[in-house]
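The values are calculated or read from the model by the stated rules, or taken from the named source; none is laboratory data. Just so you know, these numbers come straight off a predicted model, no measurement behind them. Note that each Cβ is placed from the backbone with ideal geometry, even for glycine, and that neighbours are counted across all protein chains shown.
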Amino acid sequence: MDAIITFIGVSIVSIAILGVVLSFPVTPPPDANAAANTIDSTATSNDRALTTYDHDGEQYWMDTQQIGLKNDGGERHASIAFGEITPVSHTEAATDSDNEKLLRVTHSGQWDAAFSDEADFLDATHEARADAIDQQGQWQPASGELTVRKLTVDNQTVTLVAA
């Protein structure tokens, strides 16, 4: 009789331990520090520099000084050390919106192919930064690739970032 009670007790404890172990996330959280380092290295490199970083974030948020990445394993945040970034969203629906134009510039490096003049481009980057600050902490679907482009337009350095 004592053996049966011991067996049942050990079985219950084993099932409880197994449940705890299986509840741990299998996927590690995304590396937001590596994303921030990619942004910083591009921001300090030559004009028209383009850098990409493959990440495993399913969602992201950015403001002008920080980036956050999130997946089933958790979420991580990191600060940008060098300057202010201009977040660019992949989820904009309008095909001729300023955000869509900024996304094209992020990939091509040719601001003058998307905007009529320097002032229009710089105004769009200013608006994108203001929108990012207003939407801070709001998660958006991530593309799996961070794209960073540095440009100098009218003696102003702009670092465009799409996640």
Mind checking whether some residue in the range 83-99 is among the acidic types (Asp, Glu), surrounded by 13 or more Cβ atoms within 10 Å (Cβ to Cβ) and either under 21 Å from residue 36 (Cα atoms) or at pLDDT 95 or above (or both)? yes
Take the range 67-99 and flag every residue that is of a type in the set (Ser, Thr, Tyr) and more than 15 Å from the chain's Cα centre (by Cα). 95, 97
Would you mention how many residues in the range 134-163 are exposed (fewer than 15 other Cβ atoms within 10 Å of the Cβ), of a type outside the set (Asp, Glu), in contact (Cβ under 8 Å) with a residue 24 or more places away in the chain and farther than 23 Å from residue 53 by Cβ? 1
Do you know which residues across the range 100-116 are more than 20 Å from the chain's Cα centre (by Cα), without any contact (Cβ under 8 Å) to a residue 40 or more places away in the chain and surrounded by 14 or more Cβ atoms within 10 Å (Cβ to Cβ)? 114, 115
Given (1) outside any helix (DSSP H, G or I); (2) modelled with pLDDT of 95 or more; (3) charged (D, E, K, R), residue 47 misses just (2)
